[in-house]
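Novice: This is the structure I want to talk about, given as structure tokens.
The values are calculated or read from the model by the stated rules, or taken from the named source; none is laboratory data. Only a predicted model underlies this, so the values are computations on that prediction, with no experimental measurement involved. Cβ placement follows ideal geometry from the backbone for every residue including glycine, while neighbour counts extend to all protein chains displayed. Ligands, DNA and RNA are excluded from the accessible area calculation, which covers all protein heavy atoms including side chains. Shrake-Rupley method; radii C 1.70, N 1.55, O 1.52, S 1.80 Å.
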Amino acid sequence: MAQRDRRLKPNILVTGTPGTGKTSTCSLLADATGLTHLNVGDLVKLKSLHDGWDDELECFILNEDLLIDEMEDMVKGGGTIVDYHSCDIFPERWFDAIVVLQTDNGVLYERLTNRGYTGAKLQNNMECEIFQVLLEEARESYPQELVRALPSNTIEDMSNNVEILSDWGYTLVVISNS
Ligand code: ADP
Ligand code: MN
């Protein structure tokens, strides 16, 4: 297993299919813990860490090298909650915990259509959730004991998750300080 970087505060990766609630959950978790929420999609747009727009997939073509370079300093000291719909692009040593949010098909379908997703984009994202792509990816990329799947269907789920992750984050801080 790769050596985790030494840091006083944990870095938590919150991943999942678009629409599972990453950004909403991270925002509440940041408020609850004082950790910093880093929305990677926003960073990619803001700093143009991409090679243009993919018309077919309707998303930016990520430039992984630029992104990793940009993020290295941000995660170095710890205390960052990283919000992104992919997880195998990051160095394993960055994270103390990897959370995969999961949403039931009907609920996710409604969230994505509300967001204006249609056609191939809607279908790709639904399939991504149905086949548990992010959970697989997380399990293949990080030590099992650091990966945790949490349901994100209701507001109650979200507050439970924030509570669970706040406690978990605290435990991680205690471990990394000891
Ligand atoms: P993501 O960042 O994973 O794409 P968002 O946090 O933007 O997801 O959430 C997408 C939409 O679903 C938002 O309108 C949000 O309010 C809603 N939502 C997300 N998670 C939940 C949840 N657990 N319960 C109820 N609504 C949720
Ligand atoms: Mn988001």
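Novice: Taking LEU101 as the residue in question, decide whether it is under 17 Å from LEU165 (Cα atoms) and touching a helix residue (DSSP H, G or I) at 6+ places or on another chain (Cβ under 9 Å). Please lay out each step first, then the result.
Specialist: Numbers: under 17 Å from LEU165 (Cα atoms): yes; touching a helix residue (DSSP H, G or I) at 6+ places or on another chain (Cβ under 9 Å): yes.
Yes: the conditions hold for LEU101.
Novice: In addition: Determine which member of the set LEU38, LEU122 is more than 17 Å from LEU150 (Cβ to Cβ), touching a Leu at 6+ places or on another chain (Cβ under 9 Å) and surrounded by 13 or more Cβ atoms within 10 Å (Cβ to Cβ).
Specialist: On the way: LEU38 fails: touching a Leu at 6+ places or on another chain (Cβ under 9 Å).
After applying the criteria, what remains is LEU122.
Novice: Within the stretch 76-111, can you find the residues that are surrounded by fewer than 22 Cβ atoms within 10 Å (Cβ to Cβ), more than 13 Å from the chain's Cα centre (by Cα), in contact (Cβ under 8 Å) with a residue 12 or more places away in the chain and within 12 Å of ligand 1 (Cβ to nearest atom)?
Specialist: Across the stretch 76-111, the qualifying residues are ASP104, VAL107, TYR109, ARG111.
Novice: Select from the stretch 144-178 the residues that are part of a loop (DSSP other than H, G, I, E, B) and at pLDDT 95 or above and write down the one among them that is surrounded by the fewest Cβ atoms within 10 Å (Cβ to Cβ). Spell out how you get there, then give the answer.
Specialist: Within the stretch 144-178, the first condition is being part of a loop (DSSP other than H, G, I, E, B), and the residues that meet it are 152-154, 178.
Checking the rest, the ones that are also at pLDDT 95 or above come to 152-154.
On the way: SER152: 27, ASN153: 16, THR154: 13.
The qualifying residue surrounded by the fewest Cβ atoms within 10 Å (Cβ to Cβ) is THR154.
Novice: Does the stretch 11-19 include one or more residues that are touching a Gly at 6+ places or on another chain (Cβ under 9 Å) and loosely packed, with under 15 Cβ neighbours inside 10 Å?
Specialist: For the stretch 11-19, residues touching a Gly at 6+ places or on another chain (Cβ under 9 Å) and loosely packed, with under 15 Cβ neighbours inside 10 Å: absent.
Novice: Let me ask something else about it. Looking at (1) open to solvent by 50 Å² or more (accessible area, probe 1.4 Å); (2) modelled with pLDDT under 95; (3) of a type in the set (A, V, I, L, M, F, W, C), which is the only condition PHE131 fails?
Specialist: Status for PHE131: all satisfied but (2).
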